[in-house]
Every structure is written in C-alpha cells, then in structure tokens.
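I have placed the structure first, in the form of structure tokens, so that the comments after it can refer back to it.
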There are 2 protein chains.
Amino acid sequence: MEINQLEIQVRKHMNMICDVSAATSVLSWDQETYMPSGAAYARAEQTSTLAALIHQMMTGDTAKKLSDEIQDTLQQNKEVSALAKLFLDDYSKACKLPEELVRKTSKATSLAHESWKNARQASDFSLFHNSLQELVELKSEAAELYGYAQDRYDALLNLYEPGLTATELTPVFQTLKTATIELLQSIEPHKEKVSDELMLRRYPQEAQLAFSAQLAEKIGFNFENGRIDLAAHPFCTSFSQYDVRLTTRVNEHDLGPCFYGVIHEAGHGLYEQGFSSDLARTFGAEGASMGIHESQSLLWENVITRSEEFWHFALPYLKSHFPDKADGVTPRDFYKAVNKVQPSLIRVDADEVTYNMHIILRFEIEQMMINGNVKIADIPELWREKMQTYLGIVPENDAKGALQDIHWSFGGFGYFPSYTLGKLYAAMLWKRIRHDIPSIHNHIANGEFSHLLQWLRTHIHQYGRTKKPSELMIALTGESLNSTDFIDYIQHKFADVYR
Amino acid sequence: MEINQLEIQVRKHMNMICDVSAATSVLSWDQETYMPSGAAYARAEQTSTLAALIHQMMTGDTAKKLSDEIQDTLQQNKEVSALAKLFLDDYSKACKLPEELVRKTSKATSLAHESWKNARQASDFSLFHNSLQELVELKSEAAELYGYAQDRYDALLNLYEPGLTATELTPVFQTLKTATIELLQSIEPHKEKVSDELMLRRYPQEAQLAFSAQLAEKIGFNFENGRIDLAAHPFCTSFSQYDVRLTTRVNEHDLGPCFYGVIHEAGHGLYEQGFSSDLARTFGAEGASMGIHESQSLLWENVITRSEEFWHFALPYLKSHFPDKADGVTPRDFYKAVNKVQPSLIRVDADEVTYNMHIILRFEIEQMMINGNVKIADIPELWREKMQTYLGIVPENDAKGALQDIHWSFGGFGYFPSYTLGKLYAAMLWKRIRHDIPSIHNHIANGEFSHLLQWLRTHIHQYGRTKKPSELMIALTGESLNSTDFIDYIQHKFADVYR
C-alpha cells in the first residue's frame, strides 16, 4: 500500500473506533448525570457490548492488516505519522487482552459503580467488597497479559502515565512526603491566622452554578462546545473536542466544591477543547497522559484561581452573584480562605499541601491490592492506619474513608498517582510560564487569561497524545519528573498565606 | 443447528444489535436535550458510524447464517419463536439497503435536523430546502430498494405501520374528513360556550413540571425506570424497558403543552415500560407499530385525561401546585377548557376534532414528495393552500407552517398517518375497555388507573412487537381499521362539551 493510502486507511479505521468510543462516553456521562436508577443493569449490558465492539475493531482483521503495513513501512526506514505510531501501539496493547476479558471487565465496572454508590450511601464497605474483589482480579489478570519488567502494578500505572514505573515514582513521593511533613509542622504554630469561614457562608445553588460557569467562561472554556451538569462526583469527559462535558456538585454551605470543581474540570476541558482539529476522531485526540491532563486542571485550579491576583479580578463577580456575602472583604481575605491548610478526610476537599498525602496513601494501598499483599476486607482498616500516620486523623466511617472515591469502582488502579504527577508537572510548567510571560501576574489580576491559554494551546494542548509526557516536559522545562519545583512553589506560597 | 441452539444464537445476536441501537438512541436523546450547539457535526459522524455498524451486524455473515437456518427450519415445517420470525423479517429488510445509503442517510438526517432547527428559528423554509431535498431523494431511493406493489409511498408507510397501504388509508381518511367537517359545522354556532382561558393563566415553569410529573406517576409511569427532561419538541424514547425518557416543553402562559405533552409521552412510556422482560434486548421490545404506539399515548392524553371524570380527580392536585389559579373552578370548567375546538396552525396544539386535518394535509403532501409530484420549494405554498381548504386558516410564516414539525428533518416520511391511526385504534380499544371494565369511569374519577393499565399490559403492552397491529386489533375488537368508533366518540364527546 502507498504510504499516503495507508495513512488514510489508518485514519478512517481510527475514526470508526473513536466514534464508538465517544458513544460509550456519552452513555457513561448519562449514567453519572441523568440515568434513572433502575436502568443500571441494562446500561451495563450496553457499555459492555460497545466495549466488545471497540475491542473487535481494535484487534480485528482490518486493524491487523494496517498494523502489519505500518510495521513493514517502519522496517523499511520510512517515516509514518505520529498517529500511525499511536495506532500501532494501541493495536499491540489491545491484542494482549482477549475479548471475553474486555467484556467481563466492562460489565463488572458498570455494576461495581452501582454497588460502590450503594455502599458509599450506606457507608458500608462490605457492600462493595465483592465488586472490588472481582475488579482487582480482572485488572491483575490484565496486568499479567500486558506484561511488565518488575512490578505488576506498573502495567496498570502505564495505562495512565506511559513509561513511568513504581520504582521511579517511590523516591519522588518519598521526598514529597518529607517536605510536606516539614511544611505542615512549620504551618502548625500559625494555623489560627487563616480561616475559611468566608467560603462557608450560605451560597445558594443557582448562584453558585452561575458564578462558576461565568468564571469558567472567563478563563476560556467554550460553552458552544461544552456544558456543565450536576453529578455526585465532579468530572470532565468529552465526546470530541467539540463536545466537552464538565460536572460539579453543590454544597450550599461551602462555595469551594462547586466553584473549584468547575474550574478544575474546566482546566481539563480547556485541554480537550484545545486539540488540533486535525486530531479529531483519532487516537491523538486525548491528553498526553493523565498526569499531563491533571497538570492542566491543577494549573488553573490551584496556581491561577487560588492566587491573590485572581481574587482581585474575581471578587466583583462574586459580589454580583452574592450581593450580601462579601461586604468589606478584600481579595487577600478570599485568597487566604481558599488556601487554608488543614489535614482532612476527603481527598477532593484537601488543600494543596495535604492533598498529596491522600494520593500516596492510595498509591501504596493500590500496589498492595494488585500485588496481592492485602485482603480486600482489610482495606478499610489499612486506610484508617495510614490516615493516622500521614495526617493524624481517622475517618469515622467508610464513606469518609475507603469508599470516598469513584476510581476503584471503575477499575482505575494506577490512576491516583496522576493527581500528584499533575501537581508536579504544573509546578514545573509554571516556572517556565513565568519566564515566558513575565507579566502573567498582572494578566491574572486583570482577568486576561488569553496569553496563558494561548501558551498552553501552543506548547501542550494542540499536540494531544501525539507527544509523550516526558517528551513534552523535557522540551518545555529541560527536566524530567521531579518534586523540586512543586516543593518550592508550596513553600513560597504558604509562607505568604500564613505570614 | 438444534432449534434451541438456534434460538439462543439469534437472541444473542439481537442483544448486540439492540445494545448498539440503544446507544444510538442515547446519542439522539442527548442531542435533543443537552448537547451543546457546536457539537452537531461531530455527533452526526458518531450516529452515522453506529448506524453503519448496526447495518453491518444486521446484514453480515452471522446474520445471514442465522437467517438461513431460520428459513431452513421453517421450510421443514418446524416452529420457530416469534422473535426468530422478527429477526428474519428485519434481516430481509436490512439487506435491501446498501451500507453506504444507510450511512449517508444517517448523516444527512443528523445534519438536516440542525438545518431544520435553524430554518424554523429564522422561519425561513429556504434554509431547510436542500436538506429536505436530499432526504426525499435518499428515502425515495430506499423505497425503491424496499419495493412496493403500487405506490412508492407504501414502502415508507410500512416502516411505521406494517402491512398498510395508501390505497386502504385514503378512503378511511376521506370518511374522517367528511365527518370532521360536519362536526365542525355543528359546533360553530355554539363556539362561544367553551373557553380555554383557564389553561392560559400564568402557570410557573417549575410547578408545571412538578404537577405534570406527579400526574404521570399517578397514571403509572415508573420513575425508577424513566425520567422527564425539557426539549424543543416533546418525545418519548427508550434505551430499554428499564430506561424510558420523556421530554416536554413549557409555556408559562399555557398549562396545556407541558401537562398534555407529559401525559401523551407518558402514554408511550407506559407501553415501553410494559414489554415482557423476556423481550429485553430483542427486536420484540418495540411497539407493534407506530399507530398502536400512538393509540397508547392518545388513550391516556385524550380519552382519559381530557375526560370530565379525570378533572374530578386531578383538580385538587392542580390546586396544590398552583394555589391561586383555580379558586371557584369546577372539574367541568377544566374539562371544557381542555376540549375547546378551534382550527389552529400548530398540529401539536390542535384539539381532537381538527387534529386529523393536520395529518391528512401532511399525508397528502408527503405522498406527493415521495412520488415526485411536487417541487420541494413549492411545499410552503401548497401547505398554505391546504390549510385554507381544510381549516380555513393560513400560517403567516413557515415556522407556523411547513417547518413546524420535526418529522421530515429525520426523514420520517410515512410517519404522520400514525397519529390518526392512533386516534382510530384508541377509539376502537376504548369501546372494548368500557365493555371489559364497566366501572372505568368511576376508576378515573377516583384516580384508580391500575385496572386500565393492567388491561393494557395484558392485552397489548407485554407483546411488544411480537404481534402485528392488525392481529392485535382483530383479536381485541373483532374489526380491522376503521373510523366509525372514533367518529362516534368525538360526536358524543363534543356534543357533551358544547351542550
């Protein structure tokens, strides 16, 4: 086959797979937002069938023929596109799993999601036990089939962060753990200086949603190609770069979950909306990795919208949505309120300093699960022990402990480290951004976010998944993954917050 | 293959097709309810890919093998299940269309839907012209491929009402037209006796939705397996009998569109929720025909909830949702207000008497389109002429004329007659129901709908599509399609309303 013809055929085949994959995402989004409760079983059948179809298309005769041709072309030392290389990688990976396992896993995750919801509502881990057991077994089987050098967990970690190993990650996390404990100790004597009372006033639901959507639009989220809905858990999903869905939740006595939920997910959404149009309906229209994806959400959520400059800009908007809530309040008051450091039970509500401890805890427990070093029934107790050790607090029930997160219910073992990777990447990028856009702090204070967004579009978003995370980071920062910039960032920031 | 084995294989193959078909329905529902505007083109690609996949599964090697086996079995005079027969019918039908046509039609309808929305908003038929032209051509091509005895239109009519021809339908419609004109003339001198002012007071949106949902639940719609959302056009779609979605719209100065929109769609929804669980994920989990489906919505909407007895039951609920709106009002006042007869421009807002004139008009224009007897550009003018002749009024713009309905934008030529068939079937069924449940009028007045629902479940719903419409109607009424019962019903009802 001519190379041009090959590239066209590869793209066409990816188009079909991406369309079915998008349909699967619509079904999942619907399940999280609007689906009636009695439909869970039927929905599980549907997503399982789509997963099987995708797997068939990923591994069937057409895919094999195209992959063989790409390999032949490469062996002749001819160039193929980045998309063709992605196709070859994904084909090889897909071929490692038999269709029956894919179908079983899809159905098991769909049903586990329901049992997790019930278990969390009843705060009873035992209701989730069997589902989790099944998912650990299925994912361990998948890890064996994917293969790994050293640690079975790496095979799953690589699904989210290509190329990274637990062995590399462990010392990075160790340094971070030590620095975090030191920083927490240095904050402790000053903890009375910061109160989040300002965020805990009564903020009516409709106004919270309107305020959050307005600010998401200000930072650049395009509502012609996206929307926000309510869900139990904030997330961002996309059905193409032209249809990006965010969700959030509202607590009328805390502005944080809704507003920062929206901004965080909008950060993901800006990445999804920013892929080159040339990548539409291809395997390139995804983030470079979950860690890079998370760097985008955290850059906006933490670095930008938890800065003092941001609140200079945002306060008048807040006052217009909540006329009576912020009389006599200064931007610095809000800056301090949204940066209160306090060990807490719920990961998604944690501050920038303690957050990583939640991730390290999950990383350690996940590794044990996948390596068969802990009984599923013992997880709640293990969780309580680690919370005591790392943050000095213990959840009074499983809903606030091992049941709080959705991730294990969709079999996402290996996903959690992405959150901390995102923080580390964001700090590395932020150093470079301040260098490239010296007036960035003024821009933020004036609500001019287009320079920053343009920078992200140019250097990160447009490439989607056609560049590897390490390739992107080394090109932009000259360095590979480390915690130095992040530790530097939180030390300076929280010295200022607690000065 | 053993017959048992064959039945299992057929069911398994239907399961996969039904799952993908359900996914397509989720994508369409989302497009109508929540999808951001900029996503239309990407969504069209996605639904087109799913349509192509369904077509491949309907006509591929597996389907061929199973169909051959069913045919062999039948030729040996052995029994096969009703589902296997449906599979054979649908296989034969699907094989008549090449995949390319299916894909093109799916994409064209997705895009036509957007251009129809724009055209209707701008009230400019020319914006819809090219899309409609393309759909007429694609559907005419499909009709030729399906084949027909006499009239090309029949091939499309049969997609909605299996076995019916335009030749049979024309005299039924003729009788109905004559009786309608006579009834309208007999009402004319008394028209001042009925006012709908009661429905045109200000009813706030949230309360309309709550009242409508409450009454939908009272008649038996199960919200564990369904929900109601807002959309430009009321419709009912289902992703399985466990997930039935209704939509409605709200005019705060008219209670009718929301309330009767919900009840009408809930009537469809009760049918969908009532299929035997044995039919889940099979070709049997559909209505017997569009006409039978419509008989279910219209029975609830017109016969039940536009009766005087119903308003005896419903008025206290209405008063609780709208405390100040119905002081001193009697059930008979509401009964009259919701049965005002008046020629009007919009089909979905028409009363029971004039409604069929809207359908006959569309039936005549559709036939001309599909038979190539009218230029697309001339449709708005033809519409105005027929409105003048049949109802004595003329739309002042296309939005209130030929652009008012969604149906042609999804290529649904042959669909419109179903609405009037539904009225005729509903009246035929109603005669039998009054015979079988003599105290039905008391039940309605007391809000006891379970006997009626049980009757419908037993005699109609459970069978889904495993019985043909004529088979169902003859078994239940001893008669084939006619307009006698309906004419009798409207003559008596409106003599009472206008007495």
If every Lys and Arg gets +1 and every Asp and Glu gets -1 at its Cβ, then about the Cα centre region B:64-127 yields a dipole, in debye to the nearest 20, of 200
Hydrodynamic radius by Kirkwood for region B:293-357, inverse mean 1/r across distinct Cα pairs, in Å, is 13.0
The whole-number value in µm²/s of the Stokes-Einstein translational diffusion coefficient for region B:281-429, with Rh from the Kirkwood sum over alpha carbon pairs at 4 °C and 1.567 mPa s, is 74
Projecting the Cα atoms of A:Leu135, A:Val20, A:Tyr34 onto the charge dipole of the protein assembly as shown, where Lys and Arg contribute +1 and Asp and Glu -1 at Cβ, the residue farthest towards the positive end is A:Tyr34
For chain A, the dipole about the Cα centre with charges only on Cβ (Lys and Arg +1, Asp and Glu -1), to the nearest 20 debye, works out at 380
Gyration tensor (Cα only) of region A:395-466 to equivalent ellipsoid, semi-axes in Å sorted down, yields 34, 17, 11
Tilt, helix A:417-436 to longest principal axis of chain A (alpha-carbon atoms), in degrees rounded to tens, equals 70
Rounded to the nearest 500, the 222 nm mean residue ellipticity computed for chain B from DSSP H runs (n ≥ 4, each -39500 (n - 2.57)) alone is -20500 deg cm²/dmol
Charge dipole of the protein assembly as shown built from unit charges on the beta carbon (Lys, Arg +1; Asp, Glu -1), centred at mean Cα; most positive-end Cα among B:Ser480, B:Gln150, A:Ile379 is A:Ile379
Helix A:99-122 sits off the longest principal axis of the Cα atoms of chain A, rounded to the nearest 10 on a 0 to 90 degree scale, by 20
If labels are modelled 7 Å from Cα along the Cβ direction, A:Glu182 lies from its partners in the other copies at nm distances, smallest first, of 9.9
Per residue convex hull volume, Cα only, region B:29-103, in Å³ is 96
One residue of chain A has its C-beta nearest the axis rotating A onto B; that residue and its distance in whole Å are A:Ala23, 2
Percent antiparallel among DSSP beta bridges confined to the protein assembly as shown, rounded to 5, stands at 50
Residues whose built amide H sits under 5 Å from the amide H of B:Ser238, excluding neighbours closer than 5 in sequence, are B:Arg245
Partner shielding of B:11-22, as the mean number of partner chain Cβ atoms within 10 Å, equals 3
Over the protein assembly as shown, the quotient of the Cα radius of gyration and 2.2 N^0.38 Å is 1.03
One decimal, nm, nearest first: from B:Ala377 to the same residue in each other copy, label points 7 Å out along Cα→Cβ, the values are 8.0
Correct semi-axes for region A:3-147, from √(5λ) of the alpha-carbon gyration tensor and rounded to whole Å with the largest first, are 36, 17, 11
Between the alpha carbon centres of region A:350-399 and region B:101-170 the gap in Å comes to 59
With a 22 Å threshold on alpha-carbon distance, the violating pairs from A:Lys319/A:Lys423; A:Lys65/A:Lys93; B:Lys93/B:Lys468; B:Lys336/B:Lys423; B:Lys218/B:Lys319; A:Lys107/A:Lys139 are A:Lys319/A:Lys423
Note on chain A: contact order normalised by length, alpha-carbon pairs under 8 Å, 6 or more apart, percent, works out to 19
To the nearest 10 degrees, the tilt of helix B:355-370 (Cα long axis) against the first principal axis of the alpha carbons of chain B is 30
When the charge dipole of chain A is computed with +1 at the Cβ of Lys and Arg and -1 at the Cβ of Asp and Glu, the Cα pointing farthest to the positive end, of A:Ala166, A:Ala337, A:Ala427, is that of A:Ala337
Long-range share for region A:359-430, i.e. C-alpha pairs more than 18 Å apart as a percent of all pairs, stands at 43
The size of the Cβ-based charge dipole (Lys, Arg +1; Asp, Glu -1) of region A:377-442 about the Cα centre, to the nearest 20 debye, is 520
Projected onto their principal axes, the Cα atoms of chain A stretch, largest extent first, over whole-Å spans of 70, 50, 45
With one decimal in nm and the nearest listed first, the spacings from A:Glu99 to its own position in the other copies, using label points 7 Å along Cα-to-Cβ, are 1.5
quick note, region A:166-497, DSSP beta bridge pairs, % antiparallel (nearest 5) is 50
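Any read-out appearing in this document is the output of simple, stated calculations on the displayed coordinates, not a laboratory observation. Being a predicted model, the structure only gives us computed values, none of them experimental. Note that each Cβ is placed from the backbone with ideal geometry, even for glycine, and that neighbours are counted across all protein chains shown.
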